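Report on the structure given below.
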């Protein structure tokens with residue numbers, strides 16, 4: 001390990017920590033914020049979905065720009081400024097109409113999805129050493145989530161939602177300074193055009209991998225949305241802080257363990273580990289009569305489900321991208337598996353919850369998860385065969 005690589009590795013941990021700390025308000029307190037002004041559960045679900053929808057176009061377009069010019073840092077800095085402004089409008093500026101709040105919440109969703117995609121693309125593309133440390137680097141975000149969720153949950157309980165925007169405004173300059181020395185990803189293809197992207201989409205291993213992960217993220221994002229809606233029924237904003245803090249603690253620990261396990265177990269099998277973890281969470285949430293029951297479910301998810309899902313998806317999607325399409329391939333993959341899945345599942349959850357309630361909605365998605373289990377088993381066989389042919 002060279003000193004420069006070690007310094008960059010530690011700096012990325014700091015960046016992920018600060019980034020999660022910075023976006024904690026806009027990420028974790030959407031449901032209680034809108035519930036506090038009388039917005040219905042189904043409408044909150046649709047608002048979350050609109051944020052994902054905005055993120056789809058942003059991730060794909062910016063992925064194309066980065067592939068062509070390779071300037072992640074410039075785009076990242078400006079997205080942070082946009083996100084700061086939107087968080088201030090939604091949480092801190094008084095006397096804002098509901099329509100204006102919804103618009104700026106969509107801006108938050110757009111920006112958050114891009115921030116996540118850019119950071120992952122940056123780490124996975126900067127050099128081989130940093131890429132190999134992705135899991136540990138990502139643990140920085142988990143611990144940032146713990147600090148941000150706990151602190152904001154307490155501050156909101158004491159002072160109200162006005163502190164969320166002020167909190168992000170205070171973290172912004174620290175994050176800005178942490179990012180300044182980091183080099184850009186050097187992979188770029190100036191001759192790329194939108195027509196060339198047909199080659200990426202028609203690359204069968206990439207298309208199938210993204211499709212299967214899209215189906216898996218459809219389940220996980222739906223479950224997360226249902227969980228937020230159920231938490232909001234307890235009328236206690238601080239419960240969101242504790243929920244995500246517990247999730248972050250166990251996630252941070254697991255993020256340092258899962259990469260080691262992938263050296264002994266083929267990474268594609270972690271898809272099943274992730275799905276099992278999310279399925280295991282369902283009974284905890286169905287029978288939870290208070291936030292404490294949901295905290296236990298969060299610990300299960302953070303320990304085995306989310307770290308397995310995140311690490312496996314990033315490495316597997318990268319492994320099937322033709323090198324000249326790296327940035328757009330990663331950003332489009334993150335958009336499809338995260339944002340597109342978030343839009344569809346968010347809208348569906350709102351519709352289903354309105355008609356059959358939260359508990360039965362959990363059961364519907366439990367049935368979907370069983371179907372998904374068999375689809376993933378077949379996909380694992382396909383991916384394993386693809387890897388053997390690639391190495392031959």
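The values are calculated or read from the model by the stated rules, or taken from the named source; none is laboratory data. Keep in mind it's a predicted model, so treat the numbers as computed, not measured. In this analysis, Cβ positions are derived from the backbone assuming ideal geometry, glycine residues included, and neighbour counts consider all displayed protein chains.
Descriptive notes on the structure:
One line per residue, one yes/no per condition, for (1) within 21 Å of residue 358 (Cα to Cα); (2) in contact (Cβ under 8 Å) with a residue 40 or more places away in the chain:
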| position | (1), (2) |
| --- | --- |
| 6 | no, no |
| 16 | no, yes |
| 20 | no, yes |
| 23 | no, yes |
| 34 | yes, yes |
| 40 | yes, no |
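- Test: residue 376 is under 19 Å from residue 228 (Cβ atoms), at pLDDT 85 or above and part of a helix (DSSP H, G or I): no
- Filtering segment 95-107 to residues that are in contact with a helix residue (DSSP H, G or I) (Cβ under 9 Å, 6 or more places away or on another chain) and free of Cβ contacts under 8 Å to residues at least 40 places away in the same chain leaves 96, 100, 103, 104.
- Scanning segment 151-168 for residues that are within 18 Å of residue 243 (Cα to Cα) and touching a residue at least 40 places away in the same chain (Cβ under 8 Å) returns 151, 152, 153, 154, 156, 157, 161, 164.
- Hey, residue 152 more than 27 Å from residue 329 (Cα to Cα) and buried (at least 19 other Cβ atoms within 10 Å of the Cβ) or not: yes
- So residue 226, is it modelled with pLDDT under 85, surrounded by fewer than 20 Cβ atoms within 10 Å (Cβ to Cβ) and assigned to a helix (DSSP H, G or I): no
- The listed residue being touching a residue at least 40 places away in the same chain (Cβ under 8 Å), in a helix (DSSP H, G or I) and surrounded by fewer than 22 Cβ atoms within 10 Å (Cβ to Cβ), out of 280, 272, 309, 296: 272
- Residue in segment 34-56 that is assigned to a helix (DSSP H, G or I) and at pLDDT 80 or above present: yes
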